[in-house]
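A.B. asks: Dropping a structure here in structure tokens format, bear with me for questions.
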Amino acid sequence: MSAAEQTLLILGATGDLTKRLLLPGLGGLLAAGHGEGLSVIGSSRAELDQARWRERVADSLAAGNARGGQAEAVVRSTRYIQADIAREDDMRRLLNACRGQVIVFFALAPAVTLTASKVLCEVELPPGTRLVLEKPFGTDAASAAALNDLLARLVPEDQVYRVDHYLGMSTVLNILGLRFANRMLEPVLRAEHVESVDIVFDETLALEGRAGYYDRAGALIDMIQSHSLQVLSLVAMEAPSTLGARDVRDAKAQVLRASRVWDDDPARWSRRARYTAGVVDGRRLPSYVDEEGVVLDRDTETLAEVVLAVDTWRWAGVPFRLRAGKALRTQRKEVVITFRAPRWVPSGLTGYDQPDRLRIGLDPDVIGLDFNVSGRGHPLVIDPFTLEAGVGAGHLPAYGAVLKGVLEGDPRLSVRGDTAVECWRIVEPVLKAWRDGSVPLEDYPAGSARPAGW
Ligand code: BG6
């Protein structure tokens with residue numbers, strides 16, 4: 001076997017994730033010249049002929065801008081194998097079809113991932129096999145822990161890649177550069193100087209035909225439980241001494257272990273809402289409950305907010321407000337660090353009415369600083385001022401960056417098992433309060449900024 005030979009075995013190859021994220025992400029990676037020696041095998045229970053599969057792979061890779069030799073080689077060599085992954089024989093057949101190092105990508109719903117992992121326990125895995133799992137990882141803390149135990153029977157933790165594509169976003173990673181390579185910023189990023197931190201993911205996108213998944217997840221699980229908490233862990237972590245996987249993931253885990261709902265009172269410190277009919281970006285949208293596949297009784301929220309405390313020496317007392325929602329008026333994905341008011345504004349200097357803020361825009365990728373100056377209009381009147389700079393998207397798309405880690409055996413950008421469990425532990429009290437009806441489900445017209453009163 002040539003050292004560079006690898007096979008990406010996609011379980012759930014005919015699904016939405018493979019088409020929308022995985023293959024386009026791979027396309028971006030191939031376009032950047034990575035992925036030499038890689039072959040792709042797609043599998044699912046559906047019947048699909050080879051020509052049709054190849055066409056799908058070509059289209060999805062092209063959606064990630066892949067062209068040229070590497071992409072053509074992948075399209076030429078890719079195969080589709082119809083299989084039932086609940087059957088050991090089928091799983092063996094799939095593994096036997098792989099060449100070189102095997103990378104099993106579970107593009108499957110959590111329950112099916114669990115079944116497939118159990119079957120893998122009965123089948124001998126080739127040495128060095130890597131396992132890749134998309135979110136949601138489990139359905140609660142207990143199931144995530146159980147899945148971790150199961151995976152640990154298959155391969156060592158360093159060969160398990162729990163994907164969170166936000167960890168591949170260059171601006172998210174830039175949080176580390178911004179915090180730890182600037183003498184000016186790091187000392188003030190602590191409770192003594194920071195009033196609050198907001199992590200906002202407002203999307204204009206709505207359900208986009210994903211009821212099958214989203215209606216069981218909702219905004220809290222879809223975004224906050226995974227992406228927002230990962231971002232929080234980077235914003236709040238202590239400086240790791242290296243950017244090695246162990247140091248970075250230890251530092252993130254420490255923050256998440258210290259995080260909990262503010263005052264341990266989810267009824268008071270969480271909110272939820274669901275969109276009704278409206279217009280977003282000129283598109284008329286039906287009410288969420290009228291979308292195909294939505295089940296009314298599930299009371300799924302499309303907008304969620306939760307306030308968390310991070311109980312560390314650095315951050316105790318600072319509220320971290322996490323909000324994520326769909327079908328909103330404006331797309332806004334950013335971290336906003338709001339500083340405390342100055343201890344004293346000299347009397348005679350008037351007009352101070354807003355604190356300074358550091359903004360880390362995640363899409364578009366910008367860093368902004370809102371601060372106060374005096375003198376532009378009248379020398380003794382405060383005049384808020386914004387400095388903003390685009391930092392440019394990274395050379396790889398986010399999903400491509402995460403996949404690069406998988407292909408190269410670098411787990412730095414994937415979520416460690418203990419962290420996945422912590423993220424569930426943090427949101428579980430909120431989910432319970434919502435189930436118990438302690439937090440009303442409000443509504444907002446699609447295309448509005450947010451519900452009245454938020
Ligand atoms: C996905 C969620 O993980 O992230 C989607 O399932 C969401 O609901 C998407 O739209 C947002 O990602 P991005 O990269 O568009 O900010």
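A.B. asks: Tell me the GluC sites (Glu not before Pro) within the stretch 239-345 that lie in a loop according to DSSP and have at most 11 other beta-carbon atoms within 10 Å.
C.D. replies: In loop regions of the stretch 239-345 (DSSP not H, G, I, E or B), the sparsely surrounded GluC sites (Glu not before Pro) are Glu292.
A.B. asks: For the chain, find the longest principal axis of its Cα atoms and tell me its angle to the long axis of helix 141-154, 0 to 90°, nearest 10.
C.D. replies: Roughly 40 degrees, rounded to the nearest 10.
A.B. asks: Express in nm, to one decimal, how much length is gained between Trp454 and Ala4 on full extension, taking 0.36 nm for each residue of separation and deducting their alpha carbon distance.
C.D. replies: 156.7 nm
A.B. asks: Before rounding to the nearest 500, sum -39500 (n - 2.57) across all DSSP H runs of length at least 4 in the chain and divide by the residue total; then give [θ] at 222 nm in deg cm²/dmol.
C.D. replies: Details: 13 runs with 142 residues, N = 454.
Helices in the chain give a 222 nm mean residue ellipticity of -9500 deg cm²/dmol.
A.B. asks: Rg/Rh for the stretch 277-432: what does it come to with C-alpha atoms and Rh from Kirkwood?
C.D. replies: Details: Rg = 21.4 Å, Rh = 20.4 Å.
Over the Cα atoms of the stretch 277-432, Rg/Rh equals 1.05.
A.B. asks: Accessible area per residue of the chain at 1.4 Å probe, in Å²?
C.D. replies: Numbers: 19990 Å² over 454 residues.
Ligands and nucleic acids excluded, the result is 44 Å² per residue.
A.B. asks: Taking just the alpha-carbon atoms of the stretch 281-363, what radius of gyration and Dmax come out, in angstrom?
C.D. replies: 19.5, 62
A.B. asks: Need the C-alpha centroid separation for the stretch 280-310 versus the stretch 400-430, integer Å.
C.D. replies: 25 Å
A.B. asks: Could you pull out every residue, at least 5 positions away or on a different chain, whose amide H is within less than 5 Å of the one on Glu442? Hs are placed 1.01 Å off N in the peptide plane, and Pro or chain starts have none.
C.D. replies: Hits under the 5 Å cutoff: Arg272, Ala273, Arg274.
A.B. asks: When only Cα pairs under 8 Å and 6 or more residues apart are kept, what is the percent relative contact order across the chain? Spell out each step's value before the answer.
C.D. replies: Values: 910 pairs, mean separation 86.5, N = 454.
Computed value for the chain: 19 percent relative contact order.
A.B. asks: Here is a follow-up. Considering only Ala73, Ala109, Leu48, whose Cα is most displaced toward the positive end of the charge dipole of the chain, charges sitting on Cβ of Lys, Arg (+1) and Asp, Glu (-1)?
C.D. replies: In the chain, that residue is Ala73.
A.B. asks: Taking the Cα centre of the chain as origin and charging only Cβ (+1 Lys, Arg; -1 Asp, Glu), how large is the dipole, in debye to the nearest 20?
C.D. replies: The dipole of the chain has a size of about 440 debye.
A.B. asks: Moving on. What Kirkwood Rh does the stretch 202-343 have if only Cα atoms enter the pairwise 1/r average? Answer in Å.
C.D. replies: 16.9 Å
A.B. asks: Ranking request for peptides 225-234, 27-36: highest mean number of other beta-carbon atoms within 10 Å first, then the rest in descending order.
C.D. replies: On the way: 225-234: 25.6, 27-36: 21.0.
Highest-to-lowest ranking by the protection proxy: 225-234, 27-36.
A.B. asks: Calculate what fraction, in whole %, of the accessible area of the stretch 6-134 sits on carbon and sulfur atoms when a 1.4 Å probe is rolled over the protein chains.
C.D. replies: That share works out to 46 percent.
A.B. asks: Still on this structure, I have one more. Could you state the number of Å between the C-alpha centres of the stretch 154-174 and the stretch 75-153?
C.D. replies: Computed from Cα coordinates, the inter-centre distance equals 17 Å.
A.B. asks: Given R₀ = 25 Å, what would the calculated FRET efficiency be for Arg79 paired with Leu243, taking r from the Cβ atoms and rounding to 0.05?
C.D. replies: 0.10
A.B. asks: Where the accessible area of the stretch 144-276 is counted over protein heavy atoms with a 1.4 Å probe, how much of it, in %, is carbon and sulfur?
C.D. replies: That fraction is 50 percent.
A.B. asks: I would also like to ask the following. State the percent of C-alpha pairs, over all pairs in the chain, separated by a distance greater than 29 angstrom.
C.D. replies: On the way: 52762 of 102831 pairs.
For the chain, the share of Cα pairs beyond 29 Å comes to 51 percent.
A.B. asks: Quick one: if the Förster radius is 30 Å, what FRET efficiency do Gln254 and Val391 give, using the C-beta to C-beta distance and rounding to 0.05?
C.D. replies: On the way: r = 27 Å, r/R0 = 0.90.
Result of the calculation: an efficiency of 0.65.
A.B. asks: Here is a follow-up. Extension gain Glu192-Thr350, at 0.36 nm per residue separation less the Cα-Cα distance, in nm? Don't skip to the answer; put the middle values down first.
C.D. replies: On the way: separation 158, 0.36 × 158 = 56.88 nm, distance 2.44 nm.
Difference between extended and current length: 54.4 nm.
A.B. asks: Check each of the trypsin sites (Lys or Arg not before Pro) in the stretch 23-76 and keep only those in coil by DSSP with at most 16 other C-beta atoms within 10 angstrom; list them in order.
C.D. replies: Answer by residue number: Arg45, Arg67.
A.B. asks: For the stretch 6-134, what log10 I(q)/I(0) values come out of the Debye formula at q = 0.14, 0.20 1/Å, with one point per alpha carbon and no solvent?
C.D. replies: Values, matching the q order: -0.55, -1.14.
A.B. asks: In addition: Could you compute the FRET efficiency for Arg52 and Arg283, with r as their C-beta to C-beta distance and R0 at 35 Å, rounded to 0.05?
C.D. replies: Computed FRET efficiency for Arg52 and Arg283: 0.70.
A.B. asks: Going by a ≥ b ≥ c, the root eigenvalues of the Cα gyration tensor, does the stretch 388-454 fall in the rounded group (a/c under 1.5), the prolate group (a/b larger than b/c) or the oblate group?
C.D. replies: Note, shape of the stretch 388-454 comes out oblate.
The values are calculated or read from the model by the stated rules, or taken from the named source; none is laboratory data. Keep in mind that what you see is a predicted model, and the values were worked out from it rather than measured. Positions of Cβ are backbone-derived with ideal geometry, glycine not excepted, and every protein chain shown enters the neighbour counts. Heads up: the accessible areas ignore ligands, DNA and RNA and are worked out on the full protein's heavy atoms, side chains in. Shrake-Rupley method; radii C 1.70, N 1.55, O 1.52, S 1.80 Å.
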